[in-house]
Amino acid sequence: MPGDFLLQQQIRYRWDGGEGLLDAAVQSACGELTIVLLTPFGTRGTVIHQHDLQVDVTGEQAGQLPFAPEHILLDVQRTYLAPPPNPPRVGTRERSVGEQRITESWEDGRLIERVFHPTHDGDDLVRIRYREGAAADAPSAVLESERFAYQLDVTTLSRSAIACGVR
């Protein structure tokens, strides 16, 4: 995820077991990613923190979430993955990141859709549609997981650039 920033987001989620709404803060700073899921009272609930390949999950809600916290982390990384160098102004381009095959659709120089294709048996097909197109200031998006049958509708309420080292 490029840059150091703080996002305030509202997330509507739907899955076979129901639906819900939660607020979250996403911070990318100094090569570390922290996601804080807030309780209905606006206090810190679950905290997902990644440094290098180490992922730590803490908080009271962690066991009550309808999705594994690691899936939330992966969904954030997929949604805000850096665009490829020299993306097309219009059309579709396929690229690979590691073993992951990704198809991206562009319109008027803006990312409209990103699809992560299964790489191995048991992998998930994930489709992300960007409502305003992928601008540098963290767009709102709808993410659908085919294998796990859930949908996340993420609205970015605000984005702030932060200096590395400020937490």
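In table form, for the structure just shown:
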item: Count - residues of the range 96-107 that are out of contact with any Lys or Arg (no Cβ under 7 Å at 6 or more places or on another chain) and in contact (Cβ under 8 Å) with a residue 12 or more places away in the chain; result: 7
item: Meets criteria (modelled with pLDDT of 95 or more and within 19 Å of residue 145 (Cα to Cα)) for residue 101; result: no
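The values are calculated or read from the model by the stated rules, or taken from the named source; none is laboratory data. Worth saying up front: this structure is predicted, and the values here are computed from it rather than measured. FYI the Cβ positions are ideal-geometry reconstructions off the backbone, even for glycines, and counts take in every protein chain you see.
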